[in-house]
Amino acid sequence: MKSTANTRPIIWLCIIIFTLGCLHTAYLALSQAPPSWDEAHYLQGAFEIAKGLDVSMRAACRAYRHALSFKPPFVCIPAGFMIWISGGELFAGMFTMVLVFLCLGFAAYSLFRNILEPVPSVIAVSFLLTMPMVTGLTHRFYTENLLLTLCVLTLDILLRHRFLSAGVSVGIGILFGIGFLTKLTFLPLMALPFFYLIMIECKKRVGDPDRSGIYRKIFVNTGMIVIIAALVSFTWYGSGKNASMTFHHAAAASKSRACWYPLIDSVMANISSGPSVVIFLLSVTGFIALIRRIWNRQIEKKRLEAWITILLIAGVTLLITTISTNKATRFTITWLAAVAALAAYAPFAWFEHQRAALWIASAFAALLFVMTLHNSFDILPFKEIKMGNLTLLDNRYPLNVPNWFDDNHPVDRNHYPWERAADLIADDARQQFPDVATPVVRLTVNSLIFCHDYFNLLSTIRNHPMFYLWWYGTTLEGASGPHYILHGVNLHQFHQETKFEEFYPDFHLKAGAGEIPYEQIGLIQGSGNSRLHIYRKIISFPDFKQLDTDIIQEAEAYTRGNVVKDIHNFGQGIGVITTPHEKKSFAEYDLHIPQKGRYLLEIRYASDQLRPIMIRINGKEVASNIQKITGGWHPRFQAWERIALTDLNEGKNTIRIESESLFPHLDKFLLRKM
């Protein structure tokens with residue numbers, strides 16, 4: 001009978017975890033909502049790793065080192081492996097979130113057993129796994145659930161084994177390295193609990209005659225943890241500019257005013273979206289009961305140390321998210337384990353009859369389970385109960401800044417024809433820009449479901465050559481204009497009361513009137529009268545007018561130089577100069593200028609990559625680092641660029657164009673009297 005009583009909580013634990021895992025799998029199988037911003041970015045990294053695995057392990061490692069560029073990429077590794085096994089299925093990548101969810105459940109139970117009995121530990125796991133934040137992050141492909149899992153697992157190992165085993169220290173070091181590869185905040189989150197446990201372990205040995213040997217062992221094992229963590233994390237942070245870009249991005253994101261939300265409103269949103277208001281209030285009563293028992297010395301020392309350790313990481317989480325400008329709710333996930341433990345502790349601490357406590361705790365667990373079903377599948381007749389940012393019941397809890405994106409919601413049945421748009425652009429680019437390695441597409445709208453990251457993910461999955469960017473920094477005129485524009489109309493209806501950026505709402509009107517050098521090549525109808533207009537750049541759009549008084553010099557008619565003339569391939573019909581090899585190159589022109597004065601210098605060239613050149617006139621440098629990308633190498637990509645105003649003498653003047661390496665395909669240059 002005793003053996004059955006001991007195994008019964010484990011059986012219930014497995015039933016709870018796997019039932020919830022099956023529900024999440026069903027959600028992912030049914031959902032048609034496209035991955036949003038960061039999700040698409042992470043999934044793109046996973047697909048790159050999967051493509052690398054198709055080639056070799058070395059190629060996969062190379063893809064891992066270059067994945068994401070400014071975000072730690074560990075979440076991409078299991079997803080990439082699953083995508084590779086499935087033969088390139090997006091669902092397989094999303095399914096890794098369910099696997100992380102399952103691991104979180106078992107790791108949390110092991111952690112909770114340091115402070116609770118088996119039955120309350122199972123209740124605590126049930127609370128944790130049915131919290132709105134954990135549910136929402138299992139629906140989406142963010143990294144925070146993995147971060148929570150690693151924090152829980154690392155805390156559990158530290159509490160159970162401390163710092164006296166070399167083998168365990170190696171394992172802890174690996175976990176610290178993986179945690180740092182998951183999210184930068186892992187180290188500051190774990191630092192205080194880590195040093196607290198070192199202090200406790202050292203304090204225990206004060207009266208030990210062999211304390212110096214034990215201190216030495218703690219010091220050596222702690223050093224081993226640091227070294228192993230550094231070696232593991234160096235596999236990515238040591239590659240190129242990953243570290244500097246990651247720290248720069250984190251600093252910018254933490255201070256971004258665009259991510260700000262009023263502090264009190266943010267606290268209410270964090271409570272609602274994190275543990276839920278019900279479990280938070282229950283955890284408050286649990287915290288009061290815990291303080292009372294600590295005051296009365298009713299908690300054994302080892303459990304007290306474990307409670308303090310778990311509460312420390314919750315306190316650090318609240319401190320970091322309070323002082324940071326960025327108020328994304330998902331950043332608060334690492335306080336949820338402490339909240340779940342306190343909530344499960346409350347009934348058993350306040351009620352003497354354990355059966356009554358169990359029924360009360362089970363009732364709360366059942367309530368949260370129903371709320372989770374509603375959060376996932378919209379099962380209740382009433383959708384929400386809320387007062388401002390304080391939400392008792394909802395199925396659209398925010399995971400990011402509360403007034404940004406509505407990205408934690410039931411199965412989305414809207415039809416978003418983004419794939420058709422991506423296919424149309426890619427097919428057209430292969431015909432219109434065959435010599436452009438990566439044609440650029442700019443988006444006039446920026447939102448959760450219409451963003452450059454998702455279209456770049458589609459490009460990776462479908463082997464499209466395109467590279468998508470948001471609208472910031474877009475220039476439409478001249479050679480720097482993007483090859484395509486993807487313009488959304490009536491998309492705001494999907495983002496009521498959430499962040500929605502529309503940068504050029506009348507683009508289709510101006511393009512239709514011929515005011516912009518873009519022509520429409522496609523129109524796709526979506527849900528609710530939403531439309532996607534696809535525009536291609538008009539290469540021959542008039543941006544240069546030659547005057548009768550202009551002095552035109554063909555580039556291939558140079559006086560001196562070591563460049564190569566091309567009139568058959570890239571210079572067919574016009575003639576260009578270029579360089580076949582990477583070497584210092586130049587072309588000089590002796591020109592007769594009829595009148596002294598100030599002249600405008602313009603050059604016409606084509607380039608699909610950065611090839612900087614410098615221009616000297618009569619030995620004086622007038623322009624350097626001329627290196628625009630015009631979109632291709634062929635004659636139709638030739639474009640004029642204004643270079644400088646310069647003073648010329650009457651009679652002979654020498655113009656020298658030089659480069660430290662390769663030339664762009666230079667067609668001609670012009671001098672215009674001002």
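Comparing the chain with the 2.2 N^0.38 Å rule of thumb, its C-alpha radius of gyration ratio is 1.20 (two decimals).
As a size descriptor, the averaged projected area of the C-alpha convex hull of region 93-145 was calculated at 3.4 nm².
Taking amide H as placed 1.01 Å from N in the peptide plane, the amide H of N389 sits under 5 Å from none that are at least 5 places away or on another chain. Packing, taken as the mean count of other beta carbons within 10 Å per residue, orders the peptides 326-335, 464-473 from highest to lowest as 326-335, 464-473. Just flag the GluC sites (Glu not before Pro) in region 500-538 sitting in loop per DSSP whose Cβ has no more than 14 other Cβ atoms within 10 Å. Passing sites in region 500-538 are E515.
Please give me, ordered by residue number, the trypsin sites (Lys or Arg not before Pro) of region 589-673 that lie in loop per DSSP and have at most 10 other Cβ atoms within 10 Å.
For trypsin sites (Lys or Arg not before Pro) across region 589-673 that sit outside H, G, I, E and B with at most 10 neighbouring Cβ atoms in 10 Å, the list is empty.
Averaged per residue, region 120-172 has 16 square angstrom of accessible surface, using a 1.4 angstrom probe with ligands and nucleic acids left out. Farthest toward the positive end of the dipole of the chain, out of S530, I123, I323, is the Cα of I123, where the dipole comes from beta carbon charges about the Cα centre.
Grab the eigenvalues of the alpha-carbon gyration tensor for region 209-364, scale each by 5, take roots, and send me the semi-axes largest first in whole angstrom.
Listed largest to smallest, the semi-axes of region 209-364 are 35, 28, 12 Å.
Hydrophobic long helices, here whole DSSP H runs in the chain with Kyte-Doolittle means of at least 0.0 and Cα atoms spread over 30 Å or more along the helix axis, are found at 2-30, 90-112, 211-237, 301-323, 354-377.
At 10 °C and a viscosity of 1.306 mPa s, what translational diffusion coefficient does Stokes-Einstein give for region 1-63, taking Rh as the Kirkwood radius over Cα pairs? Give it in µm²/s as a whole number. Calculated translational D: 104 µm²/s.
Find the percent of Cα-Cα distances in region 624-674 that exceed 15 Å, and round it to a whole number. Could you put the intermediate results ahead of the total?
On the way: 739 of 1275 pairs.
Tail of P(r) above 15 Å: 58 percent of Cα pairs.
Shown for the chain: the carbon plus sulfur share of the solvent-accessible area, taken with all protein chains present and a 1.4 angstrom probe, equals 60%.
Rolling a 1.4 Å probe over the heavy atoms of the protein chains gives region 11-95 an accessible area of 43 Å² per residue.
Put simply, the C-alpha atoms of region 580-674 give a gyration tensor, and the ellipsoid matching it has half-axes of 24, 15, 11 Å, longest first. Cα centroid separation, region 158-177 to region 44-76: 28 Å.
By average Cβ neighbour count within 10 Å, what is the ranking of 180-186, 210-216, 606-612, 265-271 from highest down?
Ranking the peptides 180-186, 210-216, 606-612, 265-271 by packing returns 180-186, 265-271, 606-612, 210-216.
Pairs from the list K241/K537; K584/K673; K183/K327; K71/K241; K51/K537 with a Cα-Cα gap above 23 Å: K241/K537; K584/K673; K51/K537. The C-alpha atoms of region 321-377 occupy a region whose extents along the principal axes are 46, 31, 11 Å, arranged from largest to smallest.
Using the Cβ of A341 as centre and a radius below 13 Å, the other residues enclosed give a net charge of 0, where K and R count +1 and D and E count -1. Rolling a 1.4 Å probe across the protein heavy atoms gives region 594-652 an accessible surface of 50 Å² per residue. Considering only A606, V284, Q520, and ranking their Cα positions along the charge dipole of the chain that arises from unit charges at the beta-carbon of Lys, Arg, Asp and Glu, the one farthest toward the positive end is V284.
Local charge sum around W236 (other residues, Cβ-Cβ under 15 Å, Lys/Arg +1, Asp/Glu -1)?
Computed value for this residue: +4.
Over all directions, average the projected area of the Cα convex hull of region 63-131 and note it in nm². Could the numbers behind the result be given before it?
Numbers: hull surface 25.1 nm².
With the hull built on Cα positions only, its mean projection is 6.3 nm².
When only the Cβ of Lys, Arg, Asp and Glu is charged (+1, +1, -1, -1), the dipole of the chain relative to its Cα centre reaches about 2300 debye.
The values are calculated or read from the model by the stated rules, or taken from the named source; none is laboratory data. All values derive from a computational prediction rather than experimental measurement. With ideal geometry, Cβ positions are generated from the backbone for all residues, glycine too; neighbour counts draw on all protein chains shown. The accessibility values were calculated without ligands, DNA or RNA, using every heavy atom of the protein model including side chains. Shrake-Rupley method; radii C 1.70, N 1.55, O 1.52, S 1.80 Å.
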